[in-house]
């Protein structure tokens, strides 16, 4: 009864893991199909999804030989895990490093060559007949030199990747990158430690406990999803983020349905949002007031290339001028880039100038048509204004009085 219930539970948990791996793989690819880190992350989750499919069956295998054939069939997945994990950590840790870009191809070849060796030359030297342990037919290993080399290769690769992330965590000053690297560091370290315990030590010492690496790796996969959802990690703008965050304009990116995908630091502050996730809970028409939503939808869907108008932003109703440009991905409409410029200072200046002009016109009108004689002079006594009433009283025309000293006119 123990064996049946354990194998049933592990098999069903693996089926759930398959769906999560596939979902995360699709998620990271959709947000930026051209991003190298996104492509590597897609294949990373895809390989684990395939491994989890195998786990669904070998956890529930009724006989030793059926389990053995399944382990042989999916052995290549174990060999791919270390290099593809290190590859992913390199891509997110050094995406724009000149040295890494220059030597990227030979470095990746060196990383993947050991995996090819293990796949084609060591399967039968590492895999032994399954042992009924932990409630199911657990993978059996031949604890010889090849298994030790394989284990050493796995540990070194994962530790190297985690060390690279830790170095980048210490070096970066971007708070969003710091948070993302921290998430990847811990979600990578935890499954590594747990897998060493359940899938290495327990096998070597034949402890009656199931292998759970397939479930531990879910921690890192879910870390992908969390970093993407909360911090916009591996988004459409991995290179331009720092630039867009440094400009004074408020930048917003939305898809063809006007769902918000990303915004820079300035619009986060203006919208009173503490994170990208909080910003995404809004809609374009809840952030901006008095906008022509239909025009913006036409730009986002590719019907119009450009549109601009003046409106208000946020609950404080900051006056802004927005410029909306269409975005394309693989020559297909993929949304809109909205750039808002705060014009509150400009409007305040314009209003002050208008008020001053109105006041000047009112004053001139009052002086001109006043029944009292009014004249204006500068500090030197030169007449600069001589109204109609003064002309009547003195008989001196304003053209004659203007520009002369007041005491000359008095004499």
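Every number here is computed from the coordinates shown, using simple stated rules; none is lab data. All of these numbers come straight from a predicted model, not from anything done at the bench. A quick note on method: Cβ atoms are made from the backbone with ideal geometry, for glycine too, and the neighbour counts reach across all protein chains shown.
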For region 105-219, shape from the Cα gyration tensor axes a ≥ b ≥ c, cut at a/c of 1.5 then a/b versus b/c, turns out oblate
Whole-Å distance linking the alpha carbon centroid of region 18-85 with that of region 182-224 is 15 Å
Fewest-first ordering of 57, 88, 81 by Cβ atoms within 10 Å yields 57, 81, 88
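Please report the relative contact order for region 2-231, taking Cα pairs under 8 Å with a sequence separation of at least 6, and give it as a percent rounded to a whole number.
Numbers: 286 pairs, mean separation 53.1, N = 230.
Across region 2-231, relative contact order equals 23 percent.
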